[in-house]
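Single-structure report; data block below.
Each value in this text was obtained by applying a stated rule to the coordinates, not by laboratory testing. Note that the coordinates shown come from a computational prediction; the quantities given were computed from them, not determined experimentally. Here Cβ is always computed from backbone atoms with ideal geometry, including for glycine, and neighbour counts include all displayed protein chains.
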Amino acid sequence: MKIIKPNSLLEYIINHLQTFVPVDLYVNKDHSKKLEKVIQISIEDLYKCFENNFFLSRCPLNIFDVRVYSIFLIIIGRNIYKYDPSSRLADRVYLLNRYLHGCDIYHKVKMPKEFFLNYAKNIVLVNTHYGNKLVIYHGVTVGAMNGKIPIIGDDVVIMPNCIISGNSIIGSSVTISSGVRVINQNIPDNTLVFQAENGRDLLFKENSEKYLANYFFKV
């Protein structure tokens, strides 16, 4: 996979920050230096994120693809936060991602090494444990309820417009169908989840078709 040069990418991000999240008339030198510090490691993390991704590993990596750029902003915001937790730059990168893509994933949220947002619009993720090879579609909320937060296992696909909240545990190799609400419930491993017609109960089937292999990641 190929990506544009770090210096060009750095300039691209700075221009976006100046345009969409202006604090002053320009990004100050301190912010520029912080971006320079993390840009290379963030590119490397992006490669690692997509190395087993069928969809993105078969072609040159295009930073102008909104799915790639939204994920890259999450990675770079997280790396800025790790480099300097008190920096306001991480907040600006987060706000940029929210403005451009409608993606509400704060830089304190520790995303797994390999994940994919198939369009980040209206995705809201609380800070919890997310297993590796996570696929999330638009309109998904993972949130807290009464101080309890869900835990997400490995190899999980969450289809559009799902809500996962409260004291829920999502096992590994789970696919959650569109519009499902998982609230204070546990989902066992290797499960395909549907919402029952009554709108309250969940229906479980064996996830034998390995849906993750159909949704971008090698299993």
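Tabulated values for the structure
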{"item": "Relative contact order, percent, the stretch 115-214 [alpha-carbon distance under 8 Å, six or more residues apart]", "result": "19 percent"}
{"item": "Residue-wise HN-Hα coupling along the stretch 125-133, computed from phi with Karplus coefficients 6.51, -1.76, 1.60 (Hz; x: Gly, Pro)", "result": "10, 6, 7, 8, 8, 10, x, 6, 6"}
{"item": "Per-selection Kirkwood Rh - the stretch 6-102 (Cα, Å, 1 d.p.)", "result": "13.7 Å"}
{"item": "Rel. contact order, % - alpha carbon contacts under 8 angstrom, at least six apart, the stretch 97-153", "result": "32 percent"}
{"item": "With at most 15 other Cβ atoms within 10 Å, longest stretch of the chain clear of loop chymotrypsin sites (Phe, Trp or Tyr not before Pro) (DSSP)", "result": "65-219"}
{"item": "Relative contact order (%) - the stretch 14-92, alpha-carbon pairs under 8 angstrom, separation at least six", "result": "30 percent"}
{"item": "Span from the the stretch 119-162 Cα centroid across to the the stretch 186-208 one, whole angstrom", "result": "16 Å"}
{"item": "Degrees separating the helix 66-83 axis from the principal Cα axis of the chain, which is the longest one", "result": "70 degrees"}
{"item": "Along the chain, longest interval not containing exposed trypsin sites (Lys or Arg not before Pro), exposed being DSSP loop plus at most 10 other Cβ atoms within 10 Å", "result": "59-199"}
{"item": "Beta bridges per DSSP with both ends in the chain, % antiparallel, nearest 5", "result": "20 percent"}
{"item": "For the chain, the longest site-free run once GluC sites (Glu not before Pro) in DSSP loop states with at most 11 other Cβ atoms within 10 Å are removed", "result": "1-196"}
{"item": "The stretch 115-214: antiparallel DSSP beta bridges as a percent of all, rounded to 5", "result": "20 percent"}
{"item": "Karplus (6.51, -1.76, 1.60) ³J(HN,Hα), θ = phi - 60°, over the stretch 178-191, in Hz, Gly and Pro reported as x", "result": "4, x, 7, 10, 10, 10, 6, 9, 9, 10, x, 4, 6, 10"}
{"item": "Isotropic mean projected area of the C-alpha convex hull, the chain (nm²)", "result": "11.9 nm²"}
{"item": "On Cα atoms only, tilt of 29-50 relative to the major axis of the chain in degrees", "result": "40 degrees"}
{"item": "Residue of 41, 123, 149 that the Gaussian network model of the chain assigns the largest fluctuation, springs spanning Cα pairs under 10 Å", "result": "41"}
{"item": "Of 110/133; 121/205; 29/133; 48/148, those spanning more than 25 Å from alpha-carbon to alpha-carbon", "result": "121/205; 29/133; 48/148"}
